[in-house]
Amino acid sequence: MQQAGKSNALLCNIFLIGFMGTGKSTVAKALKKETGAEIIEMDQLIAQRENLSIPKIFEEKGEAYFRNVETELLMELQSGEKTIVSCGGGVPMREKNVLEMKKSGKVVLLTALPETILERVRDNEDRPLLQNRKSVEGIRELMEQRREKYEAAADVMVATDGKSAETIAREILQTIR
Ligand code: S3P
């Protein structure tokens, strides 16, 4: 539902992609303020539906199961109102996911330096793939493995280091409108 007083609702979905800790959830909130559009937080919705935390889904059901649930959710998002979708960091790694996103929206890649990411994720225990990578080198290595697919999926790329969420949100809207 659109917020009162907002006349700039979305014409297509906005999919925020990027490595863990690039600020997708925070930027999604700033985009909501600017547009009045609702947010879909993929991880949160999956955890709610599965009634398990993300680490527990990985542990009890396995990563492959989680990846299939992500794809199914993206397919669901084809119908319904236009929203801001804060994607899990692994979403662009699967080609089918990228095709689904492109069908209904713009894909916005948020980037950050490994040093910035480490600061943001240091005290967080909710990301199974970072449990043994809490160092600049560990983060850089996984980021480099993913870079090509992230960049290939993106319609727009925004560097987030040193910028406020509001500035990033406005930058995104100026570019995609
Ligand atoms: C993952 C990123 C996480 C979450 C899961 C896997 C990834 O989401 O989906 O832990 O493979 O990069 P965030 O990017 O929101 O942390």
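The values are calculated or read from the model by the stated rules, or taken from the named source; none is laboratory data. Bear in mind that the values here come from a model prediction, so they are computed numbers and not experimental data. Methodologically, a virtual Cβ is constructed for each residue, glycine included, from the backbone with ideal geometry; neighbour enumeration extends over all protein chains shown. The area values use the complete protein model at the heavy-atom level, side chains included, leaving out ligands, DNA and RNA. Shrake-Rupley method; radii C 1.70, N 1.55, O 1.52, S 1.80 Å.
Out of the residues in the stretch 30-45 that are within 15 Å of the ligand (Cβ to nearest atom), touching a residue at least 40 places away in the same chain (Cβ under 8 Å) and in contact with a helix residue (DSSP H, G or I) (Cβ under 7 Å, 6 or more places away or on another chain), which is nearest to Thr167 (Cα to Cα)?
Within the stretch 30-45, the match that is nearest to Thr167 (Cα to Cα) is Ile39.
What residue, among those in the stretch 73-102 that are under 26 Å from Arg170 (Cβ atoms) and open to solvent by 70 Å² or more (accessible area, probe 1.4 Å), is modelled with the lowest pLDDT?
Glu81
Do we have Ala152 as open to solvent by 40 Å² or more (accessible area, probe 1.4 Å), among the small types (Gly, Ala, Ser) and in a helix (DSSP H, G or I) here?
yes
Looking at Glu50, Glu34, Glu70, Glu38, which one is under 16 Å from the mean Cα position of the chain (by Cα), open to solvent by less than 80 Å² (accessible area, probe 1.4 Å) and more than 29 Å from Glu148 (Cβ to Cβ)?
The unique qualifying residue is Glu38.
Considering each of Arg170, Arg146 in turn, give the residue that is under 15 Å from Ala112 (Cα atoms) and among the basic types (Lys, Arg).
Only one candidate qualifies: Arg146.
Looking at the stretch 108-124, can you tell me whether even one residue there is assigned to a helix (DSSP H, G or I) and over 14 Å from Thr22 (Cβ atoms)?
no
Could you check the stretch 155-168 and list, in sequence order, the residues that are open to solvent by less than 50 Å² (accessible area, probe 1.4 Å) and part of a helix (DSSP H, G or I)?
Ala165, Ile168
Given the criteria touching a residue at least 24 places away in the same chain (Cβ under 8 Å) and either farther than 11 Å from Ala153 by Cβ or part of a loop (DSSP other than H, G, I, E, B) (or both), does Glu81 qualify? First the steps, then the outcome.
Numbers: touching a residue at least 24 places away in the same chain (Cβ under 8 Å): yes; either farther than 11 Å from Ala153 by Cβ or part of a loop (DSSP other than H, G, I, E, B) (or both): yes.
Answer is yes for this residue.
Of the residues Phe66, Phe19, only one is part of a helix (DSSP H, G or I), within 14 Å of the ligand (Cβ to nearest atom), at pLDDT 95 or above and closer than 21 Å to Glu125 by Cβ; which?
When all the criteria are applied, what remains is Phe66.
Are any residues in the stretch 82-114 away from the ligand (no atom under 16 Å from the Cβ) and either touching a Cys at 6+ places or on another chain (Cβ under 8 Å) or closer than 22 Å to Ile54 by Cα (or both), and if so, which ones?
Lys82, Ser104, Gly105, Lys106
So which residues in the stretch 125-142 are charged (D, E, K, R), under 13 Å from Phe19 (Cβ atoms) and within 11 Å of the ligand (Cβ to nearest atom)?
Once the filter is applied, which keeps residues that are charged (D, E, K, R), under 13 Å from Phe19 (Cβ atoms) and within 11 Å of the ligand (Cβ to nearest atom), the stretch 125-142 yields Arg127, Arg133.
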